[in-house]
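Everything on this sheet refers to the single structure shown next.
The values are calculated or read from the model by the stated rules, or taken from the named source; none is laboratory data. For clarity, every value in this text was computed on a predicted model and none was experimentally measured. All Cβ positions, even for glycine, are placed from backbone atoms using ideal geometry, and neighbour counts span all protein chains on display. The accessibility values were calculated without ligands, DNA or RNA, using every heavy atom of the protein model including side chains. Shrake-Rupley method; radii C 1.70, N 1.55, O 1.52, S 1.80 Å.
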Amino acid sequence: MKSREQLEKTFNTSRGNLLAVVVLTSVNILLTVTNTDLHFLFSASIPMLLLYLGSEFSFITDSFTFTALGIGAAFLAISFYGLFWFLSKKRKGWIVAALVFFSIDVLFILWLIFPITDGLDFSLVIELAFISWIMYYLITGTKAWYQLKKMPPAEETEQDETSSEVSL
């Protein structure tokens, strides 16, 4: 069984990866809005999809309103990840909400990608590898939270260790 310190480190690594998703997805939105041909893979898909939908409707209707709505919806979706990251600092169970939200993101993007593509090309394999990386850390963070939840509070553990040292 892992120690409390190891589990805390695993959990914090998971939170760090969640923060990276928030930051890189936000950067991707800004890069897309400024028409830069650069894209970071370690990001969420639904915010980008919302941005693209807004742009597409703007193109169809010849109105910038949909682009603004797409940008707003994209940052709203990202803010959920940010909220989960922020809340998981005090209440570790919020990492489960982040895992569920990202799982929905992954299922949705897989549902969109596979019918469109004829097969797996290299860029899709790389994208799926980064998605797997994010999922791995969210799952290990959730597992660490669950194991920490089952452990006695830190003060009790320290007192038990001191009392067992005295009785030796």
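For segment 55-91, give me the residue count where each residue is open to solvent by less than 50 Å² (accessible area, probe 1.4 Å), touching a residue at least 60 places away in the same chain (Cβ under 8 Å) and outside any helix (DSSP H, G or I).
1
Consider segment 1-26. How many of its residues are open to solvent by less than 50 Å² (accessible area, probe 1.4 Å) and farther than 13 Å from residue 141 by Cα?
6
Restricting the first residue to segment 99-126 and requiring it to be closer than 18 Å to residue 74 by Cβ, which pairs with a second residue that is at pLDDT 75 or above and hydroxyl-bearing (Ser, Thr, Tyr) meet a Cβ separation below 8 Å and a spacing of at least six or different chains?
101/81; 102/81; 105/45; 106/45; 108/45; 109/45
Please go through segment 92-141 and give me each residue that is exposed (fewer than 12 other Cβ atoms within 10 Å of the Cβ), more than 17 Å from residue 41 (Cβ to Cβ) and at pLDDT 90 or above, ordered by number.
104, 107
In segment 30-45, which residue that is in a helix (DSSP H, G or I) and touching a Ser or Thr at 6+ places or on another chain (Cβ under 9 Å) is most open to solvent (accessible area, probe 1.4 Å)?
It comes out as 30.
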